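For reference, the structure is listed below as structure tokens.
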Amino acid sequence: MKKENMKFEDKIKLLEKTINELESGEVDLEESIKKYTEAMKLVQACDKQLKEIEEQVSKIVLEDGTEQDFSIEREDNSLD
């Protein structure tokens, strides 16, 4: 299956596997560079997918069927 068609969760699992392989230190330098490059592509794909989902979720459909931006005003919870 192409990485573009993978589910978000599967991308995360593959990313975790790749990170574990890189952290193990058992991968030679050339293979590490390939795995790192693939991992960064997965990170970008996951980020893009999350942004698209966030955009979809940020819309609310009104009773008349029109879409309206949905936002929650957050209180400032700083400890000043």
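The values are calculated or read from the model by the stated rules, or taken from the named source; none is laboratory data. Everything numeric here is computed off the predicted structure, so don't read it as measured data. When we count neighbours, we look across all protein chains shown, and the Cβ atoms used for this are built from the backbone with ideal geometry, even at glycine.
Restricting region 21-56 to residues that are closer than 29 Å to residue 70 by Cβ and among the acidic types (Asp, Glu) leaves a set whose member that is farthest from the chain's Cα centre (by Cα) is 55. A count restricted to region 1-20 and to residues that are farther than 30 Å from residue 70 by Cα and among the basic types (Lys, Arg) stands at 4. The number of residues in region 57-73 being outside any helix (DSSP H, G or I) and within 18 Å of the chain's Cα centre (by Cα) comes to 1. Identify all residues within region 11-43 that are among the charged types (D, E, K, R), surrounded by 10 or more Cβ atoms within 10 Å (Cβ to Cβ) and more than 16 Å from residue 53 (Cα to Cα); write none if there are none. Those that are among the charged types (D, E, K, R), surrounded by 10 or more Cβ atoms within 10 Å (Cβ to Cβ) and more than 16 Å from residue 53 (Cα to Cα): 13, 16, 17, 21, 31, 34, 35, 38, 41.
The lone criterion from (1) at pLDDT 75 or above; (2) exposed (fewer than 10 other Cβ atoms within 10 Å of the Cβ) left unmet by residue 74 is number (1).
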